[in-house]
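Right, one structure below, let's go through it.
The values are calculated or read from the model by the stated rules, or taken from the named source; none is laboratory data. Remember, predicted model here, so these are calculated numbers, not experimental data. Positions of Cβ are generated from backbone atoms using ideal geometry, with glycine treated the same way; all protein chains shown enter the neighbour counts. What goes into the accessible areas is simple: the full protein's heavy atoms, side chains included, and nothing from ligands, DNA or RNA. Shrake-Rupley method; radii C 1.70, N 1.55, O 1.52, S 1.80 Å.
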Amino acid sequence: MKIAVLPGDGIGPEVTREAVRVLEALGLPGLIMFEGDVGGVAYKRHGHPLPEETLTIARSCDAVLFGAVGDPSCDKLDRHLRPEQAVLGLRKELGLFANLRPAKVFPGLEHLSPLKPEIARELDLIIVRELTGDVYFGDKGVRMANDGTREGWDMMNYSETEVRRIALIAFRTARARNNKLRVTSVDKANVLETSQVWRDTVIEAAGAHPDIALSHMYVDNAAMQLISHPGSFGVVLTGNLFGDILSDLASAAVGSIGLLASASLGERSTEYGMFGMYEPIHGSAPDIAGQGVANPTAAILSVAMMLRYSFKLDDQAKRIETAVERALADGFLGRDLGGEHGTEAIGTAVCERL
Ligand code: NAD
Ligand code: IPM
Ligand code: MN
């Protein structure tokens with residue numbers, strides 16, 4: 001079982017260290033880890049945010065554990081050299097078009113959510129975000145407008161093929177959740193042609209899944225309903241940009257962005273399971289980097305997702321999730337959740353509860 005570990009920038013290495021510690025504490029036999037540079041760190045060392053060598057390591061492994069990228073000192077670089085291109089490049093190059101972002105308020109931990117407990121209690125959803133298309137990967141540029149000022153443009157587009165394959169993942173994900181056979185497809189079909197194609201294609205793809213309750217919602221309404229009625233969502237199927245925004249929003253409803261993990265999957269399988277990349281949904285958090293206060297929970301839960309999807313080790317994944325739940329219940333909260341425990345202390349608390 002080979003795992004590529006790509007810590008990246010800012011709090012990336014801090015939270016990844018704890019995630020690796022938890023992984024090692026499980027004592028799984030035959031596990032080998034390879035580390036690679038990504039992001040601003042990679043640009044500074046190798047002149048590129050996603051060096052060929054890192055991509056080769058990622059390709060040769062069964063799964064990738066990713067920290068975060070982003071470095072304010074790189075914000076003026078040409079776009080193709082910016083740290084963020086590392087994560088976009090990995091997703092694209094590795095064909096990871098399906099991003100699963102679960103958001104759940106654990107029973108007894110309603111107090112971590114800013115929502116009223118009776119509303120927070122109902123929050124148990126998974127965002128299925130398309131990851132290799134949309135306005136992220138369309139043509140883009142800056143041109144001179146007629147009045148002599150600059151004008152930026154980014155092409156938003158989705159093909160039926162791209163929509164169909166992510167819709168099928170959403171239906172499959174809904175079926176795997178035994179409690180809620182419900183998919184809400186989120187778009188902006190009242191304004192965007194991209195979204196009309198999205199909606200038509202999702203409806204068509206749903207034909208083969210008559211037992212799943214499919215509904216459609218405009219993204220602005222979805223943002224509102226995710227806060228007012230989070231319990232009405234099971235699987236939220238959406239595009240790359242809307243999924244990015246709604247997942248940060250969902251994390252705030254759970255309590256902190258430091259709690260939400262993600263899995264990015266494609267079509268490739270290995271001898272153990274699906275090839276995938278696993279990462280917290282948060283970024284490099286330059287505002288708190290280097291202070292030892294980042295919440296490593298999202299990174300740790302990403303390891304659990306990795307064990308589940310890439311290695312079919314459901315029991316081990318559950319062990320991590322339960323240990324995380326217990327550590328939270330025992331009050332091991334970081335600054336993000338109103339507590340005073342640091343990154344390492346939270347990692348240790350999880351290891352001790354495995
Ligand atoms: P961010 O997610 O890094 O931080 C947003 C806020 O949440 C900050 O106040 C931060 O301190 C806090 N936060 C984030 N993770 C936390 C954690 N684990 N524990 C406690 N608090 C946490 O988003 P941003 O500030 O908009 O972006 C910073 C950089 O990260 C940018 O360069 C951005 O492009 C990049 N980014 C990278 C990824 C990724 O690598 N997948 C994701 C998002 C943002
Ligand atoms: C995320 C991040 C990335 C995204 C950025 C860093 C490119 O915000 O993983 O959520 O927008 O997908
Ligand atoms: Mn994001």
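Kirkwood radius for the range 110-254, taken over all pairs of different Cα atoms as the inverse mean of 1/r, rounds to 16.2 Å. Within the full protein context, the accessible area of Phe332 is estimated at about 50 Å² for a probe radius of 1.4 Å. Using Cα pairs under 8 angstrom and six or more residues apart, how large is the relative contact order of the range 110-254, in percent? Answer for the range 110-254 is 38 percent. The Cβ shell under 10 Å around Ala250 holds other residues with a net charge of +1, Lys and Arg each +1, Asp and Glu each -1.
A simple spin-label model places the labels of Tyr272 and Thr322 2.2 nm from each other, with each point 7 Å out along Cα-to-Cβ. Judged by the mean number of other Cβ atoms found within 10 Å, the most tightly packed of the peptides 75-82, 248-255, 129-136 leads the ranking 129-136, 248-255, 75-82. Ligands, DNA and RNA left out, the 1.4 Å accessible surface of the chain is 52% carbon and sulfur atoms. Here the chain carries DSSP beta bridges of which approximately 45% are antiparallel, counting only pairs with both residues inside. Electrostatic bookkeeping for His229 treats Lys and Arg as +1 and Asp and Glu as -1; over the other residues with beta carbon under 14 Å from its beta carbon, the sum is +1. Using the 1.4 Å probe convention, the accessible area of the range 1-144 works out to 42 Å² per residue with neighbouring protein chains retained. The share of Cα pairs per 20 Å bin across the chain, counted from zero up to the longest distance, runs 30, 60, 9, 0 percent.
Each Cα pair under 8 Å and six or more residues apart adds its sequence gap; the mean of these over the residue count of the chain is a relative contact order of 22 percent. Only the Cβ atoms of Lys and Arg (+1) and of Asp and Glu (-1) were treated as charged; on that basis the dipole of the chain about its Cα centre amounts to roughly 580 debye. Tell me which of Leu26, Gly255, Leu328 sits at the most positive position along the dipole axis of the chain, charges placed on C-beta atoms (Lys, Arg +1; Asp, Glu -1). About the Cα centre, the residue reaching furthest to the positive side is Leu26.
Mind counting lysine pairs for me in the chain? Cα separation below 19 Å, and the two need to be 8 or more apart along the chain or on different chains.
Qualifying lysine pairs in the chain: 7.
Divide by every residue of the chain the summed helix terms, -39500 (n - 2.57) for each DSSP H run of at least 4, and state the resulting mean residue ellipticity at 222 nm, rounded to the nearest 500 deg cm²/dmol.
It comes out at -12500 deg cm²/dmol, rounded to the nearest 500.
Under a Cβ-Cβ cut-off of 14 Å, what is the net charge of the residues other than Thr56 that fall near it, where Lys and Arg count +1 and Asp and Glu count -1? Net local charge, Thr56 excluded: -3. Computed over the alpha carbons of the range 306-354, Rg followed by Dmax gives 12.0, 35 Å.
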